[in-house]
Structures are given as structure tokens and as C-alpha cells.
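Engineer: The structure is given below, and queries will be raised subsequently.
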Amino acid sequence: MVAHLLRLKLVLLRNSFKRSTAQLIGVILGGLYGLGILGTLVVALVLLGSADVGLIRTILVIGGSATILGWIVIPIAAAGIDMTLDPARFVTFAIPMRQLLTGLVLGGLVGIPGVVTLIASLAQVLTWIRYPAAALTAFVCALVAVLLCVVASRLVTTAVSSMTGSRRFKDINGVVAFIPLLFLGPIIGGVTAGFQSSPGFAASLADVLAWTPLGALWAAPADVAQGQAGLAVLRLLIGVATLVLFLVLWSRSLAHALVTPPYNAVTKRAGGNLGWLGRFPATPAGAVAARALTYWLRDPRYSASLVVIPFIGVLLFFSGGSAGAFAFLGPITAFLLAWSISADISYDNTAFSLHLSTGVSGRDDRTGRAAALLVFSLPVTLVLTVLPLLLGGRSADLPALLGLSLGLLLTGTGLSSLVSARYTYNVPLPGESAFKTPPGTNFLMFAVQFIGWFVMLLLALPEIVLTIVYFVTGNAAFGWASLLAGLVLGAILLVVGIRSGGRWYDRRAPELLLAVSANR
Amino acid sequence: MPPPSDANNPEAEAGSAALSIRGLAKRFGEKIAVDGVHLEVPSGSFYGLVGPNGAGKTTTLSMATGLLRPDHGQALVHGVDVWAQPLEAKKLMGILPDGVRLFDRLTGEQLVTYAGLLRGMDRETVQERTGDLLRALDLANDAGTLVVDYSAGMTKKIALASALIHAPKLLVLDEPFESVDPVSAANIRDILAGYVESGGSVIVSSHVMDLVQRMCDHVAVIAAGTVLAAGTVDEVRGDGSLEDRFVELVGGRTTSEGLSWLRTS
């Protein structure tokens, strides 16, 4: 039975490669990436062996703790990222609990993260190779620690799986889970700064972690190397006890989850509220705009990208204060927002067939989507351009930066209108977490993204150059010229983008539907 | 037994047919999904399209409604070529595709309204008809619920409402009764029967033979991408039931000798 579960996981993995060449390329790239990280890790761990025992201990304990923490946190942040061996799918099979547990643990190791964790953990045996007793301890501890990683992550997955059945939880989680990720940079920055400001910081952090389940197993080999076998045994016990406790908890919650299918509580609501559909003009383009705007607020895949913007502001503010990079919040926001509708039809997925079957013209479709974006992003961009400058007392720079912001926003919206009628790629499906990128087409996606960004900057070159010239010369005339260029060129490119995008759409709409229906 | 009339009837005129499918064909890679299908759906008929799973029903209907570009062939809706004049043809058609998503972050009421507005209808008409449709399909109490929270049957019904909103001359419904409860199914049948009586034409795909035999006046049996028989239901079924005739045409019945271990006694 255990072998069956393992084979199932392997077959699922293999079949995911088979679906298309593009996906195979993506998997290979992902594999190479994992291999690169793994190689670097192993080499670093081997080289670390020549360092002083205290330093080895500090690095291994902090790195190891972070690994276990990662295995615990990532499934919560990205509920539904890897549900191939979702316990809910085994409900109808009478698999004995013990075998199900073993199968799921081993299944958890199959895949890039599992293999990387396992090999890197075992590589610490090489780190301790100068201390044979410690190396032996490291081998045992590594195995226990890897099991702990998998069991902890499975425990968390099972515990939240009852919640993830509810759509509301998924929606909120899809947006909220972005926040810690956004702060990842500042957190890492802060920790690095802590290391730099006081050399003892890392060592004392490791000392604390060494007594927690996160770090105990990684500290035990160092204890042996330092001749404190008793301490090592104690730490190993902490690790093993945690593993056993998690196993018990997991088997309990799994047993519970197997007999309580997720339930999505829905309250019935009568109609009468048309939302934006009642407020926009009653034309096809108006309806598309109203629908798109509703999605910006209600679909976590869209709203997640809205949540990002205030955080960019905070990050810029703290990185350079109100005088530096913060002043460019407006143009950066404009750039990101304008590009955000470049995969609009991919996000619609096959729901797009409604546009096709109702015979919406390309121009109406493009206009509606662009209008929905501009309705909120125009004021947001204006405020985010003007506010930082006023706060920094730099109102003289207003025309130049307004020109840049508006130019980027309008030009970019035009370009996105063209791109989304031309290219589709695999994006998270409706209702899925915004994190969940189907493997494989990443390559095409990144290619389109980077070329698209490049083209967008190229098209906005006049206002970019004028803004730079303004800052170099300080001549206000160039600032006003930038504003004029941004408005006029931006407006022209917006219209051109919508029109040519609309023509593409009219010619190729059935092919677009076929392309998005491959992703499901 | 009278032979089923040839689907590729040369006497049929383009103008008299609600939907005229002429030699539609589609290949996906190695697999030929639809291999030259000819069908004439007479104006005012209730036409059933039956076939086993994977016969090419959905592919044929997608090509006939402008959702999937055919490799060969033509589809005319009341004489308007679907692929040459797509916008005109789509005005005449109401389409319920199978296996596609809906804009499910809208409420049921918003979705039907959206479909109406996309067709360029004015707000008052859309509002009035949306209310009527939701009541007729027993969705009024869930009009404000997001479609993503609907059950499978409710989702099917709201998609049907979106297809009916502009009062088309031809309805193309792919598996309209799948997972719909018996009461709603009966209501839908009444709505469709009334629609046909008033001069509309309907083509439905289904694999419930019994339903097709009772509901439709014409039927076409399609398997492996080709039409095996087409005509009025009585012509196709002859003396037996439609189901017997279907099995006879399509084949693939296994004798009940197998699975002897499944018998409990």
C-alpha cells in the first residue's frame, strides 16, 4: 500500500511533465534551479567543515531551523499548492491509517523540495567528517529532521484542509498570505543588519533555537563535536519527542479529516444588487468594465496585486526616506498597474467563452477592460505621484513626474490591451491561490513579461528622457514637456493599443478560447 | 422500416434551416474529433443530438456556434455563415456550452445581466427578463449568491438563463439537463417546448435517450465524429425505442457475462 502511494506520486509527477513540451521545459528549468541550489548548498556545507565548531553550529542551527519553519509555513501561505496527495482524495479507499501515514510521508519527500531538503540535510555529515562521532550523530539527526519537516508540513496541511474547503477562507488567504512575503525582504535585511551590528547576535540566536524543536536536531552534532554527549542526547530527545507528538497529532487530525469532508457554508441571498453593472453605462464596453472592476475587488488573483501597492510605498519610504526613491512611487505604481491586465483573458479562462458567444466586438472588450483599470488606477497614480512630492517639499518636480506616471500608465494600458489579445499563458485558475503557478509555461510567461516591460519602457522613452533631462538640467521647461509628452503620447498609444488589440481579438478570439481551455 | 433520411439532403434549402452544418471537420493533433458532419436543423424543430462519450458532439456544436474554428466545412444559422459573419450569426443564437467556466465571481443576477448587456440590450429589458428568467428557473432566492457558490445544477440553470436572455431564434444547448434536478428539468422542458411552439428552434445534445425520444421531434446519432443517422425521431427509431436503435447503430454493448464476481449471491 505504501508502495502504491509512492508510485501514485511518481506517476502524477511524471504525467505532469508529459502534458506539453512547454511544461517539460519548465520542469527541467525548475529542476536545474533546484539542482543549482542543491549543489551550492552541498559545496558550502562541505567547505563549512573547515570552519571553527562554534561557527558551524551557529550556521547549521539557524539554517536548519529556517528549513523546518519553511516546511511549516509554506503550506499555510499557499494552501492548495501541492494537493496531489491530499488526504481528502483517499476518503473512499479503506487504507489502514499506519500505511496511509507512511505513504504520505514518503510521498512528501518525492519532488524537488523534498529531495533538496533530504540531500542537503545529509550533506551535513560531510561538514562534520572531521569529527567521526559528530558525523554519525549528524546522519541520525538529519534523517529525523527531514521526517520532522515532512510530518510538520503534513500536519499543517491536514489541519487547515478543513478550512480550505470554504471559498471565503481561500479568497482571504490568497490575499493575506502575500503580506509576509512582501516583508520578507525587510525581515532578511533586519536580520542581516542584526548580524552585522553585533557579532554575538547570531550565536545567541542559535543558542535559543538549539533548545527549541526547530533547532535541537541541528545542534546535537555540534554538542558531540564539543564533547558534550549528554547535551546531544537531550537535544536528540527533544527532536524525536516533537516528531512523535506531531505524528500523533497528525494521525488524529487525519482520522478526523477523513470522516468530515470540507463544508462550504453559503448564505442564500436574493437579488436586487447589480453592483457596478448597475452603475456603468449599459453598453457592451460598459458591462465589460463593470465586470472587470468587480473582479478587481472580488477575485483574490486580482486583489492580491492591489494589496502589493501600499507595501511598495512603505518599502520605498523606509529604503530611502521621502526624498529618494519614495518620490518615484507614482511611476512605479503606474508601471505595475498598467501591466497587470496583460494576462486578462488568461485569467478569465474558459469563462471567456461568454464574450465569444455573445459576439462582443474586440474594441468593446478591450475598451471595457482598459476602462476598468483606468477608473481606479488613474486616481491612485495621481495621488501616489503628488503625495510623495508634496511630503518631500518637491512640488517643482510635479510636472516631470506626473508626465512620467501618466505616460507609463496610459502607454502601458494600451500595450497590455494588445498583449492580452495576442498571448495567453498558464496563470492560476479562477478560485486558486494567486501563488499557484502551473509549472511549465513559466518560461513563455517570463519571456512575454520581460519583452513586454522592455517594449513598454521603449514606448514611454520620450517622457522618460525628458524627465531625466529635467533632473539633470533643472530646467522646468523639460518637466512641462514631459507632462505634455506623457499625456499626448500616452493617449495616442492607448487608443492605438485598444484598436489594434481589438483587431487581433476579432480575428483570433476562437484561438484565444482554445488556448486558455488547455489550462485547466 | 423506413431508412433514416440522408442528413446531407440536397433538397434542403439554406433559408429554411435554422442551423445547417455542412461538412464540419476538426482534427486535434493525431485525433480526428469530427469527420465531416452534415446536419440540417429545420426551422421550428426540437432537435436532439445523441452519441456516446467522446463522439464529437461538443466539438461539433462548438464549431457550429463560432467557439471553435473548424478545419473544414461551413455552418449557417438561418442562412448566415457563422464563420464569415460571426457577429450577425451570434445575434440569432443562444448558446449553452458544456464544460466551460462562468464568470463565477458575479452573482447569478449579475451574470445574466452581464450576458444581456454584452449583447447590447438596453437596461430595462435586461432587468425585466433577468427577473423573469430567475423566477422561471427557480433561482430567485439565490439571485444574490455568487455563482461560484452555486451547486452544479444551479450553475447549469444560470448558464441557460444567460443563453436565453436575448430571445434568440435558435438555441444550441450542450448537455442542458446534466445534474439538473427533475423538477427544474421539467420546468426547463416546458420552457423549451413553449419556445419551439412559438417558432424557435432548439438543438440539444444529450445521452439520455429516453429524454430525447420524449422531448425532440428530430434526432441525429453521432459517433466517432460522423453522423450515423438523422431525421425525425420516428424515422430514426423505426419500430423500437430510440435507445435500442442507438445501441444498434453505435455498437459497443458488452454481453452481461462479465463481472461474474460482482454478483453477491
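Engineer: Among (1) part of a helix (DSSP H, G or I); (2) within 26 Å of A:Ala257 (Cβ to Cβ), there is one condition A:Ile95 misses while meeting the rest; what is its number?
Structural biologist: With (1) part of a helix (DSSP H, G or I); (2) within 26 Å of A:Ala257 (Cβ to Cβ) applied to A:Ile95, the lone miss is (1).
Engineer: Let me ask you something else. If I ask for residues that are within 10 Å of chain B (Cβ to nearest Cβ) and of a type in the set (S, T, N, Q), which ones from the stretch A:290-316 would you list?
Structural biologist: Matches in the stretch A:290-316: A:Thr294 only.
Engineer: Any chance the stretch B:193-216 includes a residue that's in a strand (DSSP E or B), at pLDDT below 90 and surrounded by 15 or more Cβ atoms within 10 Å (Cβ to Cβ)?
Structural biologist: Scanning the stretch B:193-216, I find at least one residue that is in a strand (DSSP E or B), at pLDDT below 90 and surrounded by 15 or more Cβ atoms within 10 Å (Cβ to Cβ), so the answer is yes.
Engineer: In the set A:Arg19, A:Arg7, which member is on the phi < 0 side of the Ramachandran plot, at pLDDT 75 or above and among the charged types (D, E, K, R)?
Structural biologist: A:Arg7
Engineer: Out of (1) at pLDDT 90 or above; (2) surrounded by 13 or more Cβ atoms within 10 Å (Cβ to Cβ); (3) not basic (Lys, Arg), what's the single condition that is false for A:Leu237?
Structural biologist: (2)
Engineer: Sticking with this one: So, restricting to helices (runs of 4 or more DSSP H) that lie completely within the stretch A:441-519, which ones have at least 3 residues that are closer than 20 Å to A:Ala371 by Cβ?
Structural biologist: A:476-517
Engineer: Taking the stretch A:285-307, which residues are among the β-branched types (Val, Ile, Thr) and either at pLDDT 80 or above or crowded, with 19+ Cβ neighbours inside 10 Å (or both)?
Structural biologist: Selection gives A:Val288, A:Thr294.
Engineer: Give me the pairs: first residue in the stretch B:53-66 and buried (at least 22 other Cβ atoms within 10 Å of the Cβ), second residue in a helix (DSSP H, G or I) and modelled with pLDDT under 90, beta-carbon distance under 9 Å, and six or more apart or on different chains, which are they?
Structural biologist: Between residues of the stretch B:53-66 that are buried (at least 22 other Cβ atoms within 10 Å of the Cβ) and residues that are in a helix (DSSP H, G or I) and modelled with pLDDT under 90, the close pairs are B:Ala55/B:Val250.
Engineer: Right, here's the next one. Could you count how many residues in the stretch B:139-160 are within 14 Å of A:Leu354 (Cβ to Cβ) and within 12 Å of chain A (Cβ to nearest Cβ)?
Structural biologist: Residues flagged as within 14 Å of A:Leu354 (Cβ to Cβ) and within 12 Å of chain A (Cβ to nearest Cβ) within the stretch B:139-160 amount to 4.
Engineer: Let me ask something additional. Quick check on the stretch B:112-121: of everything there that is crowded, with 23+ Cβ neighbours inside 10 Å and out of contact with any Ser or Thr (no Cβ under 6 Å at 6 or more places or on another chain), which residue is farthest from B:Thr58 (Cα to Cα)?
Structural biologist: Top of the filtered list is B:Leu117.
Engineer: Any idea which of B:Gly36, B:Gly99 is more than 14 Å from every other protein chain (Cβ to nearest Cβ) and touching a residue at least 40 places away in the same chain (Cβ under 8 Å)?
Structural biologist: The match here is B:Gly36.
Engineer: I've got another one for you. Given (1) buried (at least 22 other Cβ atoms within 10 Å of the Cβ); (2) facing chain A (nearest Cβ under 8 Å), identify the lone condition not met by B:Pro86.
Structural biologist: With respect to (1) buried (at least 22 other Cβ atoms within 10 Å of the Cβ); (2) facing chain A (nearest Cβ under 8 Å), B:Pro86 is out only on (1).
Engineer: Within the set of pairs 6 or more residues apart or between chains, which connect a residue that is more than 12 Å from B:Thr107 (Cβ to Cβ) inside the stretch B:142-156 to a residue that is hydroxyl-bearing (Ser, Thr, Tyr) and not in a helix (DSSP H, G or I) with Cβ atoms less than 8 Å apart?
Structural biologist: Here the result reads B:Ser151/B:Ser179; B:Ala152/B:Ser179; B:Gly153/B:Ser179; B:Lys156/B:Ser179, each pair linking the stretch B:142-156 to a residue that is hydroxyl-bearing (Ser, Thr, Tyr) and not in a helix (DSSP H, G or I).
Engineer: Which of (1) within 17 Å of A:Ser405 (Cα to Cα); (2) facing chain B (nearest Cβ under 10 Å) is the odd one out, the single condition A:Ala287 does not satisfy?
Structural biologist: Only one criterion in (1) within 17 Å of A:Ser405 (Cα to Cα); (2) facing chain B (nearest Cβ under 10 Å) is unmet by A:Ala287, namely (1).
Engineer: Is it true that some residue in the stretch A:267-277 is more than 24 Å from the chain's Cα centre (by Cα), at pLDDT below 90, more than 8 Å from chain B (Cβ to nearest Cβ) and more than 30 Å from A:Arg363 (Cα to Cα)?
Structural biologist: No; the residues of the stretch A:267-277 include none that is more than 24 Å from the chain's Cα centre (by Cα), at pLDDT below 90, more than 8 Å from chain B (Cβ to nearest Cβ) and more than 30 Å from A:Arg363 (Cα to Cα).
Engineer: Here's a check for you: in the stretch A:348-375, which residue that is away from chain B (no Cβ under 11 Å) and either surrounded by 22 or more Cβ atoms within 10 Å (Cβ to Cβ) or under 24 Å from the mean Cα position of the chain (by Cα) (or both) is farthest from B:Val82 (Cα to Cα)?
Structural biologist: The qualifying residue farthest from B:Val82 (Cα to Cα) is A:Leu373.
The values are calculated or read from the model by the stated rules, or taken from the named source; none is laboratory data. Nothing here was measured: the structure is a model prediction, and the numbers come from that model. Please note: Cβ atoms are built from the backbone with ideal geometry, for glycine as well, and neighbour counts cover all protein chains shown.
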